[in-house]
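Have a look at the structure below, then the notes.
Any read-out appearing in this document is the output of simple, stated calculations on the displayed coordinates, not a laboratory observation. Remember, it's a predicted structure, so these values are computed and weren't measured experimentally. Neighbour counts are summed over all protein chains in view; Cβ atoms, including those assigned to glycine, are modelled from backbone coordinates with ideal geometry.
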């Protein structure tokens, strides 16, 4: 159970006058330019932040960002936890745990299904029930091997909006994307409701592409293409407004180039990138070389994927390398004639089931599976998750009821790795993190099986 805060401490939404103090705290914590951190706060909105106070002094802060995440072809409501920072003079005193416990208490009250974060330290977040959920890999590709000829699809420039508004969410309504009003600081910032019907309106004809409303903006087109692409993977986000804004209007000035694949009325993909001169791995070049940094991309057909590589390869006379962030196994790279790529970075994100029944119900499952999975879960911090549960599968959907035999015994942090597909039940058993019969563990692995979870976004 979440312990109450000491009487001397208070948790809540910062006031407008706290903007400079938060900027200073985040600048020191993340060794970042003050302008970048100030822009980050404005991008997501001060009402998305929470602070831990002692009197008038801010001891720590974090951001709670409502989004969605794709699992098994369905959108699961999540809250991303970002910018967790404790003032240096208050570290190693349990303030970080207290701040996270207060945030989880708020998320639980709001009915949040899942929470996702990038951990600076695994030990802290393990204490509050987060476990490994997926990965984010950085890749560098030499353009020398991208001689693919003309793209199968037409490539046309995109009109990237230069000044998106600071506030607003993205809500899916049928086939349309409409701006929502900004969140208020009274708790509704964690409203995870969405009109998105888990992607049924996003199916594409691989021969014709995605039919786009003639009045749709570039942003609406990008969002629809991204969702049509992301829903077929485990882990990619249904991005918050602030994440879209940071991709299209980055805080640090740089030229952003965008191109669509197909036709404007029926696009099949897009790519957005910047250009720079950076050191590249020795296997690719031995100098400061011109590079393309992929900021975002999506493809909804094999032709779009091939067109993407052919288009980027056509720049090989000037560009020596292409970098991007994706999964450990990126299907798009299987369209390359040669795998002349090297990893340049790796990050692991962590996951927590905040509302276990909601999380298990919202996720998609293999449609051919039918039956029951009996779980026995321990969660000392959020006891509503604790106990025995029956997950009943039918036609790709799950229903959760309390009770059952408890065939698979697992702690809430280890359940996160099973839920996302990051580890199988037998792999968790080899680490001493789950118990059950071999048959029960094999069934659990089938239930949560799928592609390796990943996401390209850092928040």
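What is the calculated FRET efficiency for residue 388 to residue 328, with r their C-beta to C-beta distance and R₀ = 45 Å, to the nearest 0.05? About 0.85, to the nearest 0.05.
Taking the stretch 126-156 and a reference point 7 angstrom along Cα→Cβ of residue 263, the backbone N atoms nearer than 18 Å belong to 151-156.
In the stretch 234-375, the convex hull through the Cα atoms has an average projected area of 12.7 nm², a quarter of its surface area.
Normalise the Cα radius of gyration of the stretch 324-400 by 2.2 N^0.38 Å (N = residues in it) and let me know the number. Output field value: 1.61. The Kirkwood radius of the stretch 355-447, taken over pairs of alpha-carbon atoms, gives through the Stokes-Einstein law at 20 °C and 1.002 mPa s a diffusion coefficient of 165 µm² s⁻¹. With only Cα atoms counted, the stretch 10-134 has Rg and Dmax values of 14.4, 46 Å. Ranked from largest, the principal axis spans of the Cα set of the chain equal 63, 55, 47 Å. Here the residues 315, 67, 272, ranked from fewest to most Cβ neighbours within 10 Å of their Cβ, fall in the order 315, 272, 67. How large is the helix-only mean residue ellipticity at 222 nm for the chain, computed as the sum of -39500 (n - 2.57) over DSSP H runs with n ≥ 4, divided by its residue count, in deg cm²/dmol to the nearest 500? Value at 222 nm, helices only, nearest 500: -7000 deg cm²/dmol.
Counted by neighbouring Cβ atoms within 10 Å, the residues 160, 329 run from fewest to most as 329, 160. Between residue 372 and residue 36, full extension at 0.36 nm per residue minus the direct alpha carbon distance yields a gain of 116.1 nm.
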